[in-house]
1. On the basis of being over 25 Å from E746 (Cα atoms), hydroxyl-bearing (S, T, Y) and surrounded by 16 or more Cβ atoms within 10 Å (Cβ to Cβ), does T577 make the cut?
2. Residues of region 494-508 being among the aliphatic types (A, V, I, L, M) and either at pLDDT 95 or above or within 13 Å of C30 (Cβ to Cβ) (or both), which ones?
3. If you go through region 690-735, how many residues are under 15 Å from S669 (Cβ atoms) and either surrounded by 19 or more Cβ atoms within 10 Å (Cβ to Cβ) or touching a helix residue (DSSP H, G or I) at 6+ places or on another chain (Cβ under 6 Å) (or both)?
4. Out of K3, K82, which single residue is at pLDDT below 85 and within 30 Å of G773 (Cβ to Cβ)?
5. Among (1) surrounded by 19 or more Cβ atoms within 10 Å (Cβ to Cβ); (2) under 25 Å from the mean Cα position of the chain (by Cα), which single condition is S465 missing?
6. Answer yes if at least one residue in region 533-553 is touching a residue at least 12 places away in the same chain (Cβ under 8 Å), assigned to a strand (DSSP E or B), over 30 Å from I678 (Cβ atoms) and not assigned by TED's automatic domain parsing to the domain that holds L779, and no otherwise.
7. So, G272, is that one out of contact with any strand residue (DSSP E or B) (no Cβ under 9 Å at 6 or more places or on another chain) and assigned to a helix (DSSP H, G or I) or not?
8. Is it the case that region 231-254 has a residue that's in contact with a Leu (Cβ under 7 Å, 6 or more places away or on another chain), closer than 30 Å to L128 by Cβ and not in a strand (DSSP E or B)?
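The values are calculated or read from the model by the stated rules, or taken from the named source; none is laboratory data. Please read these numbers as outputs of a predicted model, since none were measured by experiment. Cβ coordinates were reconstructed from backbone atoms using ideal geometry, including for glycine residues, and neighbour counts include every protein chain displayed.
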Amino acid sequence: MNKHTNLGSGRKGCRGLVTKATAEQVRRVCEPETLGFAHTDELPSLEGIIGQERAVRALHFGLGIKEQGFNVFVAGPPGTGKITAVENFIEELAAGQPVPSDWCYVHNFRQPQRPRALELPTGRGAELQEDLHQIISLVQRDIRRAFNSEEYGRRRTEQLEVFAARRNELLNALGKAVHEKGFALQVTPVGFMITPLVEGRMVKEEEFMSLPAEVREGFARRKDQLQGVIQDAMRQLGGVEREAREALEKLDREVAEFVVVPLVAPLQDKYGALSEVREYLDEVRDDLLKNYGLFKEAGFDAEPREQKGSPSRTDPVRKYEVNVLVDNSGRKGAPVVMEVNPSVPNLVGRIDREAQFGALVTDFTMIRAGSLHNANGGYLVIPVDELLKNPFSWSVLKRAMRNKKIAIEDFGDRHGILSAKSLQPEPIPFRAKVVLLGSPELYRLFYLLDPEFQELFKVKAEFDSVMPRNPENVRKYAAFFATLCRKEGLLHIDVSGIARLVEYGSRMAENQEMLSARFADIADVVREANYYALSEGAEYILSAHIQKAVDERLHRVNLVQEKLAEWLDRGLLLVETDGAETGQVNALTVADLGDISFGRPVRVTASVAAGRSGVVDIERESRLGGPLHTKGVLILGGFLAERFGRDEPLTLAARLVFEQSYSGVDGDSASVAELAAIVSALTGVPVRQGIAVTGSMNQKGRVQAIGGVNEKVEGFFDLCRARGLTGRQGVVIPRSNVQNLMLKEEVIEAVRAGQFAIFPVETVDEALSVLTGEDPRRLQALAEARVKALREKAHGNGEKETVSSRPANAGTPAVAPATLLASQLAEKGGGGKAGVGDTREKPEPAGIFRKTVGRNPAGTSESIT
């Protein structure tokens, strides 16, 4: 026998030494008179981020350092206001930084399919676009005027007359030489033609053929002699015509230069300090001089184009346009871009097309900017969950960050979907900080699965869901609500309302020393309270309005909770709140439905018999128990083995079950209740049914903290109140959970009046003392005697020692590592429940309730569970 240990070995193990929690301990009240103001309209607006010093330091560092790869991943649970806070923080930081350059795309005169990218100082991009537009309009008008002027006509006529005289002179000399040989010279459109002369007149071919043969032969000899003369004359005439053409072209170029050069020269001087722009303007000037003939065509009007609208896609002068991709004129500070739909075109830009004559056409003027362009020189903020919803966006973003270039390309070209000829714009340098917003779980997945992520996002700024409840943060809390009221035009809040919001923040944080940082949820409470205050015609939002908003928000979603309470009241779910029973304990669970979590009392029963199977968890055997619940039962078995089986094997067959639980249970917060049920069944000492218990335990008998303590206490309190408070009812909780108590007013009043008690305990011995009303030493003796009797009975029956009486196919179902990781992450998130050891019911896919109709030995009955 274990004479060296007993159930009363704890520090407060003796009967009557467990102290009840006072009304002041179960809720930390915020006294309005300590806040120092009457209404929030007296407070200044909030500046900075509340209670996130760690995240703020990381943001300062990550956004301040210039080296490559120090981009920022902002991690935090949803509802903490991290998106708004980060945007405001970055905007304040960006306001004091220089405005970045403008970017334009222009025609590439050497490679038309590769438009050139030009960087210009802030505001100069639109200026260049307008300047060039005006210049082309003036060139078009002035060239038309110059070529239609009298001066140009006169000079052209003079040139033509000079060359016409030279041409006539050559023709006369040739005609004379031909006449001397007995031929007449004829000039035709296709060249020269000579005709024989007979008696001074030209003869036709028929007449020529009737001449004597010797005469025809003489003409033939003289004609051969003229061939060289004619060819020489033709060469001279060709030279004259070429000189005439060159002279006219020179005249046209002189006129074009006279018009173009004076118009473009001021532009070249204006942008002379920008080498790339100056080079582009030189190319524009040269191309205008090369293609001045385009402006002489009848299709071009002599009036400036700004009176005619933008040129069409087929307009040859469209290539002189400037496509301003990024215009930062009028901006103050560096840009901050929040990209809420980070598709590939929205990130890196796109090339538009339009239909013309049944075909899709494009040019450099149809290149559109993406958020990477707009954020260049500043900050780009992207929600990472939206990034993952868009195929290829993550790889495109990484490529731009890694290569420090923004390459606009057709999605179809890259992936072989389109084969149409397209543009390849020159890449633009990428100089921006990228900030991703996501959950800690997504950060972990990125970090583990993508090696490039570690190189590109070296700074993690993590937002907490809670912050310390100290005077400074309480003042900032009030300033936040003052800012919210001013920004959204809400009624300001009375100091009593702020005090109620502070208490509500601690309730959400489940800690008397903390405030919730889930500002999105708290702001919704204020908005709803504003509605009720306006409905009553109040001047300010009062504490009563805040409480009404909290109550109404709960009422809209607690139908399931009310149904369960109704079934408990009608006896469909069996939970006693008075009297005492052996092997039966009221445990407390939390039902988490997503939009609401509430406490639900559940009966735990234990049966003990002779045997060697140890503690058998019926929930596990039926595969309704989760891995954490199984762990709690195994720990319970370890405790029993140490207490009663150190010297000899523990010969015991105990079975545990959550009565009327059909949807699954997980968590280990019922392990103290399960131990109490086994000890009661083992010793025959009944357990007080007016006392419910929650808490996990370790193998040494220490009671450990659990989650959802407020919901659990209030769940059992509501049941007791519905049946009538007797003053003998209460809840046993871990002493370490006292700091988490922020109970509702009804519970506090009942505690203060002595109608309901809360017993904080540190050991299972203290818990057993409260539950049974017995001295733990007596329980120890009774338990040892019963264990001895069971051992002797088992040995007397000659039972063989077995490890377990479970069927071969029983056991914990296999859980895939990925599924287990997801369940652990969900348990940590827990709908805002940060505590450990939380026992939660797991709803079935078909719903939280299931109706079963069966037959019991007493006859036909219907149970709804």
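1. no
2. The answer is V495, I498, A499, L501, V502.
3. As a first pass, look at region 690-735 and keep what is under 15 Å from S669 (Cβ atoms): 692-698, 702-713, 715-716, 731-735.
Now drop any that are not either surrounded by 19 or more Cβ atoms within 10 Å (Cβ to Cβ) or touching a helix residue (DSSP H, G or I) at 6+ places or on another chain (Cβ under 6 Å) (or both), which leaves 692-697, 703-713, 715-716, 731-735.
Looking only at that region, the number is 24.
4. K3
5. The one condition S465 does not meet is (1).
6. Taking every residue of region 533-553 in turn, at least one turns out to be touching a residue at least 12 places away in the same chain (Cβ under 8 Å), assigned to a strand (DSSP E or B), over 30 Å from I678 (Cβ atoms) and not assigned by TED's automatic domain parsing to the domain that holds L779.
7. no
8. Checked region 231-254: at least one residue is in contact with a Leu (Cβ under 7 Å, 6 or more places away or on another chain), closer than 30 Å to L128 by Cβ and not in a strand (DSSP E or B).
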